[in-house]
Each structure stands twice: as structure tokens, then as C-alpha cells.
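Nothing in this text is a laboratory measurement; each read-out follows from the coordinates by a stated rule. The model shown is predicted, which means the values in this text are computed figures rather than measured ones. FYI the Cβ positions are ideal-geometry reconstructions off the backbone, even for glycines, and counts take in every protein chain you see.
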Amino acid sequence: MASAQIPLAEKTWVQITTTDKAGSIRHQAGNTTIVFTESPTQPAALNPNTPVMEATIKDQDFTYFNVAAADFVWAWANSGDAILTVSPVGA
């Protein structure tokens, strides 16, 4: 799979990965914190019990690897819309 830009709407979980289990994510645009989690299904909301694998601000990169076979990486833009660039390994 090639690199792709993914738009995030504020306070909505968006699935970032599909079949890819390793790669990198760049917080391309949006003055907000983006929180990432790994889950087989869309999380209900972001709360203190949500397991967080990483959080980024604009222009930061996040490397994901060893995502479980049945899981996906999900992203949550905390206080405004944002854009991510996702580059799976081999893209």
C-alpha cells in the first residue's frame, strides 16, 4: 500500500491502518494533539481508560509496528481537525 493522507475530524476516532501492521504516521497538519490507540473495533470515545500507544503534535512522526493481526491503529484529533500521512512499511 502506498503512502496516503488521511483527514481527521475533531473528536472522532478514525481508522488509520488496514492490512498494514508496521509503518510510520506523520502529523501533517492541524494545531491539535492527536492520540493513537490499537483496537480491533472503533473505540467509543477518548477517556482516561483508553489505552494510548502514542500522542503527537503537528510535524511529529510516530512509528507503529507489531500491530496485532486482528487490530488496527485508530487516531483521535483532540481539539481541531487534522491531516495525517500514513506510510506503511514498503510504501
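Under a Cβ-Cβ cut-off of 15 Å, what is the net charge of the residues other than Val73 that fall near it, where Lys and Arg count +1 and Asp and Glu count -1? All intermediate terms of the calculation are to be shown ahead of the outcome.
On the way: positive: Lys21, Arg26; negative: Asp20, Glu38, Glu54, Asp61, Asp71.
Around Val73, the surrounding residues sum to -3.
I'd like the Karplus ³J(HN,Hα) series for segment 38-43: coefficients 6.51, -1.76, 1.60, θ = phi - 60°, whole numbers in Hz, and an x wherever there's a Gly or Pro.
Result, rounded to whole Hz: 10, 7, x, 9, 5, x.
Explain nothing, just compute: Karplus ³J(HN,Hα) = 6.51 cos²θ - 1.76 cosθ + 1.60, θ = phi - 60°, for every residue of segment 46-54 in order, whole Hz, x for Gly and Pro.
Running phi through 6.51 cos²θ - 1.76 cosθ + 1.60 with θ = phi - 60° gives 9, 9, x, 8, 5, x, 9, 8, 5 Hz.
Would you please state which residues of segment 67-91 a label at Gln28 would reach in this model, taking the label point 7 Å out along Cα→Cβ and a backbone N cut-off of under 13 Å?
Output list for this probe position: 82-88.
With the cut-off at 16 Å, report for the chain the share of all Cα pairs above it, as a whole percent. Working shown, then result.
On the way: 1926 of 4095 pairs.
For the chain, the share of Cα pairs beyond 16 Å comes to 47 percent.
Where does the charge balance sit around Gln28 when Lys and Arg score +1, Asp and Glu -1, over other residues with C-beta under 12 Å from its C-beta? All intermediate terms of the calculation are to be shown ahead of the outcome.
Details: positive: Arg26, Lys58; negative: Asp59, Asp61, Asp81.
Summing Lys/Arg as +1 and Asp/Glu as -1 gives -1.
Go through segment 23-28 residue by residue and turn each phi into a ³J(HN,Hα) via Karplus (6.51, -1.76, 1.60, θ = phi - 60°); whole Hz please, and just put x for glycine and proline.
Per-residue couplings from phi come out as x, 9, 10, 10, 6, 6 Hz.
With a sphere of radius 11 Å drawn around the Cβ of Tyr64, what net charge do the other residues whose Cβ falls strictly inside it have (Lys, Arg +1; Asp, Glu -1)? List each step's numbers first, then the result.
Numbers: positive: Lys21; negative: Asp20, Glu38, Glu54, Asp61, Asp71.
Every neighbour counted, the sum reads -4.
Taking springs between alpha-carbon atoms closer than 10 angstrom, which of Ala68, Ala44, Ala55 fluctuates most in the Gaussian network model of the chain?
It is Ala44.
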